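Novice: Below you will find the structure I want to go over with you.
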Amino acid sequence: MLLHLLFLGLKLSASATSNDQFVYPGFTGANLTLDGVAKVTPNGLLELINGTAWLKGHACHPNPILFRKTADGTVQSFSASYVFAIYCVQPDICGHGIAFFVAASNNFSETMQGQYMGLVNNDTNGKATNRFFAVELDTNQNNEFQDINNNHVGIDVNGLKSVNSSSAGYYDNNNSNFHNLTLASYQVMQVWVDYDGHSKQIDVTLAPLSMAKPIKPLISTTYDLSRVLTDMVYAGFSSSTGSFISQQYVLGWSFSTSGPAPAIDITKLPKLPRQGPEPRSKVLEIILPIVSAAFVIVAGTIIILLVRRRLKYAELREDWEVEFGPHRFSYKDLFRATEGFNDHNLLGIGGFGRVYKGVLPVSRLEIAAKRISHDSKQGMKEFVAEVVSIGRLQHRNLVQLHGYCRRKGELILVYEYMSNGSLDKYLYDPEKPTLRLLSDAVDIKLQGAYDVDEACLMLKLGLLCSHPFTNVRPSMRQVMHYLSGEMPLPELLPENMSFSILSLMQNISFYPGMLTDPLTNNTISSLSGGR
């Protein structure tokens, strides 16, 4: 029995001394003492708070550490280092932070969350019986404890009113310039805590994980921890939230009472969980603007083309045209029928404009589209007169007017298509009352179907409609009277075609054969207004 007790005592002593130094490069498999919401995540993170309001969490090294080894009972020197990260949705509005502590007890069941960081409650705060030393990383300013701001590091003894504190940051080794750090930025940072048992000096240093330990500490103060700590102590972390939530993680931890804390291998540290929106990849950052710009260009081009297409076929409509709706052709149909008013469909050119042959897309009806030019002598009054005559003027010797179109000040009249021929191809044989059509070496005789008087009437009427003086030309009403025999045709006197008249016709570029068919080179009769 005595031997067994002696062996047990030696074992306990060995256990205590073996905890003089330890290092956790991640906490997978670590035998930590946890309470509250603290836990070790599957990938080895020590999660003290999970982002829920009004909670607390603690994590301690499982075995107590012997702090008094000297004969006079003073607390020996120690050193600690840990890597942490704090996440808040808004860094300026964040829950209370993380505290590293060395305490006489690991029982924090009576402590409170909120501003007390899980270390004390409103009754025990500041009492000497608490017997703890802590370094707080505070992300919430509390006037009760005279906090300097909501982003500071403080040294606490037995309570939350710091012995000394400083805004979070570090001093540059080159020129000792101070650089601010934001504790709740979710950036991984490292803290070093050093206590010299001889000089009683406490140094706290903070820096980004990528940096080596700065030479100048962030906080340096003198305090004899022999008056606070007991022979055996527990080391660990405490955290809490209040009404503002946060998530607090410890990635690695090292501790020593026999020299500087062991270095933490940062290559073995666990990865932090993703918080907030997923960051865009570099490829997306390059491609997305290009795709967006291309989309805008393509969309803009399509819109411009659609607008241009709409304007291209835009038409004019007025109230007076309502009754002629069935006789109105769309510009689009006429454009397609004439293949865009292509020159190879051009039938002829006159003072009024151009005439094009076409085939309507649906009905396949052959038409002649008279496109009246802007500077044509046939104005709007004459155009309306022809439109009004649609369906009213019908005669076997008149080309039928099917309809019309109006677009951008452009006027188009759509006629029945008839094959053109000039007078020199219609020859009268005085011996035989026949009309002989000479075209493409084909001699066609229309026996018995030829009326000499009617032919003379049509020739005279054609010449009269082509008179160089517009006031001499007959109106459509008069033409109908002439054709129906209700009114005699005025005689064409020889002086009507005198030298001066012929000269005048030439000066105004009006001469026989002015209109030609580009397909057959046949001359088209130059009748004003399409007559």
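The values are calculated or read from the model by the stated rules, or taken from the named source; none is laboratory data. Source: prediction; values computed, not measured. Please note: Cβ atoms are built from the backbone with ideal geometry, for glycine as well, and neighbour counts cover all protein chains shown.
Novice: For segment 245-269, which residues satisfy the criterion of being surrounded by 20 or more Cβ atoms within 10 Å (Cβ to Cβ) and either without any contact (Cβ under 8 Å) to a residue 40 or more places away in the chain or outside any strand (DSSP E or B) (or both)?
Specialist: Once the filter is applied, which keeps residues that are surrounded by 20 or more Cβ atoms within 10 Å (Cβ to Cβ) and either without any contact (Cβ under 8 Å) to a residue 40 or more places away in the chain or outside any strand (DSSP E or B) (or both), segment 245-269 yields Ser246, Thr257, Ala261, Ile264.
Novice: Filter segment 330-366 for residues that are among the basic types (Lys, Arg) and assigned to a strand (DSSP E or B); which is surrounded by the most Cβ atoms within 10 Å (Cβ to Cβ)?
Specialist: Lys357
Novice: So which residues in segment 189-205 are surrounded by 19 or more Cβ atoms within 10 Å (Cβ to Cβ) and modelled with pLDDT of 95 or more, if there are any at all?
Specialist: Met189, Gln190, Val191, Trp192, Val193, Asp194, Tyr195, Ile202, Val204, Thr205
Novice: Right, something else. Pick out the one residue from Gly73, Gly44, Gly51, Gly57 that is at pLDDT 90 or above and on the phi > 0 side of the Ramachandran plot.
Specialist: Result of the check over Gly73, Gly44, Gly51, Gly57: Gly44.
Novice: Could you grab me the full set of residues in segment 84-133 that are closer than 18 Å to Asn150 by Cβ, in contact with a strand residue (DSSP E or B) (Cβ under 7 Å, 6 or more places away or on another chain) and of a type in the set (A, V, I, L, M)?
Specialist: Once the filter is applied, which keeps residues that are closer than 18 Å to Asn150 by Cβ, in contact with a strand residue (DSSP E or B) (Cβ under 7 Å, 6 or more places away or on another chain) and of a type in the set (A, V, I, L, M), segment 84-133 yields Ala85, Ile86, Ile98, Ala99, Met117.
Novice: Next up: Assuming Gln275 fulfils every condition listed in (1) closer than 27 Å to Asn130 by Cα; (2) of a type in the set (S, T, N, Q); (3) touching a residue at least 60 places away in the same chain (Cβ under 8 Å) apart from one, which condition is it?
Specialist: Every listed condition holds for Gln275 apart from (1).
Novice: For segment 212-244, enumerate the residues that are without any contact (Cβ under 8 Å) to a residue 60 or more places away in the chain and part of a strand (DSSP E or B).
Specialist: Scanning segment 212-244 gives Ser220, Thr222.
Novice: Looking at Tyr170, is it buried (at least 21 other Cβ atoms within 10 Å of the Cβ) and at pLDDT below 95?
Specialist: no
Novice: Could you look through segment 194-211, keep only residues that are in a strand (DSSP E or B) and closer than 23 Å to Gly95 by Cα, and pick out the one that is farthest from the chain's Cα centre (by Cα)?
Specialist: Of everything passing the filter in segment 194-211, Val204 is farthest from the chain's Cα centre (by Cα).
Novice: Here is a list of conditions, (1) modelled with pLDDT of 75 or more; (2) not in a strand (DSSP E or B), and Asp424 meets all of them except one; can you say which number that is?
Specialist: Condition (1) is where Asp424 drops out.
Novice: Counting only residues that are in a loop (DSSP other than H, G, I, E, B) and aromatic (Phe, Trp, Tyr), which one in segment 29-78 is nearest to Met117 (Cα to Cα)? Working first, answer last.
Specialist: Going residue by residue through segment 29-78, those that are in a loop (DSSP other than H, G, I, E, B) are 29-32, 37-38, 41-45, 51-55, 61-64, 67, 69-74, 76-77.
Those left that are additionally aromatic (Phe, Trp, Tyr): 54, 67.
On the way: Trp54: 10, Phe67: 24 Å.
Looking at residues that are in a loop (DSSP other than H, G, I, E, B) and aromatic (Phe, Trp, Tyr), I get Trp54.
Novice: Sticking with this one: Of all residues in segment 141-158, count the ones that are part of a strand (DSSP E or B) and of a type in the set (Asp, Glu).
Specialist: Step one: filter segment 141-158 for residues part of a strand (DSSP E or B), giving 152-157.
With the extra rule that they be of a type in the set (Asp, Glu), the set shrinks to 156.
Adding up the residues that qualify gives 1.
Novice: Just checking, how many residues over segment 356-392 are at pLDDT below 90 and closer than 22 Å to Val479 by Cβ?
Specialist: Of the residues in segment 356-392, 19 are at pLDDT below 90 and closer than 22 Å to Val479 by Cβ.
Novice: In segment 112-140, what residues are crowded, with 21+ Cβ neighbours inside 10 Å and part of a loop (DSSP other than H, G, I, E, B)?
Specialist: Matches in segment 112-140: Gln113, Met117, Gly118, Leu119, Val120, Thr139, Asn140.
Novice: Taking segment 234-260 as the search range and keeping residues that are β-branched (Val, Ile, Thr) and at pLDDT below 95, which one is farthest from Asn158 (Cα to Cα)?
Specialist: Ile245
Novice: Among (1) touching a helix residue (DSSP H, G or I) at 6+ places or on another chain (Cβ under 6 Å); (2) surrounded by 21 or more Cβ atoms within 10 Å (Cβ to Cβ), there is one condition Lys161 misses while meeting the rest; what is its number?
Specialist: Lys161 satisfies every listed condition except (2).
Novice: So is Leu272 surrounded by fewer than 12 Cβ atoms within 10 Å (Cβ to Cβ) and of a type in the set (A, V, I, L, M) or not?
Specialist: no
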